[in-house]
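Rule-based calculations on the coordinates, nothing more; no lab input. None of these values were measured; they are calculated from a predicted model. Heads up, the Cβs are rebuilt from the backbone with ideal geometry, glycines too, and the neighbour counts pull from every protein chain shown.
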Amino acid sequence: MGCVVSAPVDGSTHARTLALDRDGGAGRRGTTSGPGTRAREIERDDGRGDGRARCKLVLLGASGCGKTSLSARFTRDAHAANVEATVGAAFASRTITVRRGRDGDDSTDGDGANANANALGEVKFEVWDTAGEERYASLAPLYYRGASAAMIVFDVTSRETLTRARYWANELAARADARCATTLVGNKIDAAAARETTSEEADALAREFAMTGGYVETSAKTGAGVREAFEILGRDALARARDAHDRARDVSPALAR
């Protein structure tokens, strides 16, 4: 599977990207499209309904809650101890095989024949990591308008960031596409001794806003829960892609008459 990473970009600048082979192969250079150039990013890659989807996903949350680290952990399986604050937004992508999760019979971490049998389909995640500082808040709509999915991230060791998560939940409810799938993510669970928030209150917030993926806890440092958080939204992307394909298939015979 491959990933694409780029330097941070602001609302007026498109990112230069480098496609990286996760197995060490050579990359290729290209350019990304701007955040608003595709209205809906959930669709079949080839229109055949063969279990592939594309998902534009935006990361929202307070500065320092770990959005950049989550993106790095998911797209590059890397963790940086010291991360500079994002300016504007940064883009990265990765394609993964999404498997059955919480409601399935098998673990999402399986491999071999069991994992193949448990596979639902392939999703290309296009991840926009937005700046968390309040002075950049006005840029966020450029990225979440037209997004397929959003993760609202907070730091479990900071109650203030959970309060900020409510702000972003309200913003999405008011301005995002009604079909935008959302998940609340409590990051930094590796620092349990410093915890200031409870799972119960975060879960209540996710239920209050009827978030598609509910509440998930992660550690970008150790990788715990990170793939699960993305796969939850990936399963939603595949379901919507199947629905879109089925609707198109039903319409085609009618147009041919």
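Local charge for Ala202 was computed over the other residues whose Cβ lies under 13 Å away, with Lys and Arg +1 and Asp and Glu -1, and equals -1.
Exposure proxy shown here: for Asp246, Asp129, the number of other Cβ atoms within 10 Å sets the order, fewest to most, as Asp246, Asp129.
Distance between the modelled labels on Glu133 and Arg249, one decimal in nanometres: 5.0 nm (7 Å Cα→Cβ projection). With each label modelled as a point 7 angstrom along the Cα→C-beta vector, the Ala174-Ala193 pair spans 4.1 nm.
At an R0 of 41 angstrom, the distance between the Cβ atoms of Glu201 and Ala119 translates into a FRET efficiency of 0.75.
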